[in-house]
Amino acid sequence: MDFRKYHALGNVYLVVSPDEFPDEPAALIIKNICHKHYGVASDGVLIGPFSSNVADFGLRIFNPDASEAEKSGNGLRIFCRSLWDQGLVKDKPFTIETKGGVVKAQVSDNGLRVDVEMGKVSFLSQDIPVWGESREVLLENLNVMSLNHIYSAVTIGNPHCVILVESPTEIMAKEFGPLIETHPNFPNRTNVQFMQIIDRNHIVIEIWERGAGYTLASGSSSCAAAAVAYKLGLCDSSIKVMMPGGQIDVEINDDFRVSMSGGVTSICHGSISTECLSQLFH
Ligand SMILES: N[C@@H](CCC[C@H](N)C(=O)O)C(=O)O
């Protein structure tokens, strides 16, 4: 199975052609591919381009636990870069269909930078989803390990739970992230961000990703956290999101449509052996 490996600020994805998957991708194969010891080491697998009736290209996004994500910001930027590397796009805007909606993207700086209009965020419980009556989920209480967290929830196609803290740490994300990801409030599980407001245009986040665990950066998490900061009146509409892996620039317009811009780096191309794909290691 041939793959292209990229990272976006340390968030690693493999891009694989749909031709490599004549059937529905098996969970074992996705898990093996992503495994850091038994596979190629990746935060997810991007399968595409598919043909699409509503966009220029179609994309499916898989987490390392083999769950399918509706959207991924870094995944999308990486997929755009792989299209550019294959000569399928140039420097003009184009569209991509994901399970979480159609996005518009543009590659620039000789493939090194990609901008994506990620779509409109919603804070409504039924859209995210979060259990309970219909409401915008802003500054609610979440009790985890006898500690009360104040969280806001948002979807940009995939679900996010943003928690305001004074100083986010990796330990915080790793300790509380898995418990919040699977908290009964979130029927589809959730991505989790611990967010510090630096000033009106800068935030810091630490991330725990649904189905992937601790990651150095996340595009949809950046958009979600920035949208919450803007919604709560803590930041302006132009926000630099700083993560352990680097920075993503997010713009939010008046009707909460969110765009992001950031770097993508090619790591390698390769081929995964059949024996690696099919053995049960874990
Ligand atoms: N790394 C991603 C998010 C990938 C999907 C996520 N784990 C989910 O299940 O929603 C990003 O850059 O957005």
Inset, instruction - Would you mind working out the magnitude of the charge dipole of the chain relative to its Cα centre, with +1 at each Lys and Arg C-beta and -1 at each Asp and Glu C-beta, to the nearest 20 Debye? - result: 220 debye
Legend entry - Convex hull (Cα only) mean projected area of the stretch 140-261, reported in nm² to one decimal: 6.7 nm²
Legend entry - Percentage relative contact order, the chain, counting C-alpha pairs under 8 Å, at least six apart: 21 percent
Inset, instruction - Using only alpha carbon pairs under 8 Å that are at least six residues apart, calculate the relative contact order of the stretch 3-52 and give it in whole percent. - result: 39 percent
Inset, instruction - Taking only protein heavy atoms into account and a 1.4 Å probe, give the accessible area per residue of the chain in Å². - result: 42 Å²
Inset, instruction - Return one number: the angle in degrees, 0 to 90 and rounded to the nearest 10, between the long axis of the Cα atoms of helix 73-85 and the longest principal axis of the Cα atoms of the chain. - result: 30 degrees
Inset, instruction - Starting at the first residue of the stretch 253-258, write each ³J(HN,Hα) from the Karplus equation 6.51 cos²θ - 1.76 cosθ + 1.60 with θ = phi - 60°, in whole Hz, x for Gly and Pro. - result: 9, 4, 9, 6, 7, 10
Inset, instruction - State, as an integer percentage, the relative contact order of the stretch 117-216 based on alpha-carbon contacts under 8 Å between residues 6 or more apart. - result: 22 percent
Legend entry - Nearest-ten-degree value, helix 170-181 long axis tilted from longest Cα axis of the chain: 90 degrees
Inset, instruction - Show me 14-24, 191-201, 176-186, 137-147 ranked by packing, highest mean number of other Cβ atoms within 10 Å first. - result: 191-201, 176-186, 14-24, 137-147
Legend entry - Where Tyr38, Tyr214, Tyr13 fall by accessible area, highest first, once all protein chains stay in place (1.4 Å): Tyr38, Tyr214, Tyr13
Inset, instruction - For the stretch 20-53 and the stretch 161-227, compute the distance between their C-alpha centroids and round to whole Å. - result: 24 Å
Inset, instruction - Determine the sum of side-chain charges near Ile272: Lys and Arg each +1, Asp and Glu each -1, restricted to other residues whose C-beta is under 15 angstrom from that of Ile272. - result: 0
Inset, instruction - Please give the contour-minus-distance gain from Ile171 to Asn53: 0.36 nm per residue of separation, less the Cα-Cα distance, rounded to one decimal in nm. - result: 38.1 nm
Inset, instruction - Would you work out which of Ser51, Asn143, Phe123 lies farthest towards the positive end of the dipole of the chain, given +1 charges on the beta-carbon of Lys and Arg and -1 on that of Asp and Glu, about the Cα centre? - result: Ser51
Inset, instruction - Tell me the label-point distance for the pair Asp255, His37, using the 7 Å Cα-to-Cβ offset, in nm and rounded to one decimal. - result: 5.1 nm
Legend entry - Viscosity 1.567 mPa s, 4 °C: Kirkwood-radius Stokes-Einstein D of the chain over Cα pairs, µm²/s: 69 µm²/s
Inset, instruction - Per DSSP H run of at least 4 residues, take -39500 (n - 2.57); add these up for the chain, divide by its residues and hand me the 222 nm value, nearest 500 deg cm²/dmol. - result: -5500 deg cm²/dmol
Legend entry - Segments 241-248, 230-237 sorted - mean Cβ within 10 Å per residue, highest first: 241-248, 230-237
Inset, instruction - Tell me the trypsin sites (Lys or Arg not before Pro) within the stretch 1-90 that lie in a loop according to DSSP and have at most 12 other beta-carbon atoms within 10 Å. - result: Lys36, Lys90
Legend entry - Leading residue at positive end of dipole, the stretch 140-261 (Cβ point charges), from Tyr214, Ile203, Pro187: Pro187
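The values are calculated or read from the model by the stated rules, or taken from the named source; none is laboratory data. Note that the structure is predicted; figures quoted are calculated from it, not measured. With ideal geometry, Cβ positions are generated from the backbone for all residues, glycine too; neighbour counts draw on all protein chains shown. Accessible surface is based on the protein model in full, side chains and every heavy atom, while ligands, DNA and RNA are left aside. Shrake-Rupley method; radii C 1.70, N 1.55, O 1.52, S 1.80 Å.
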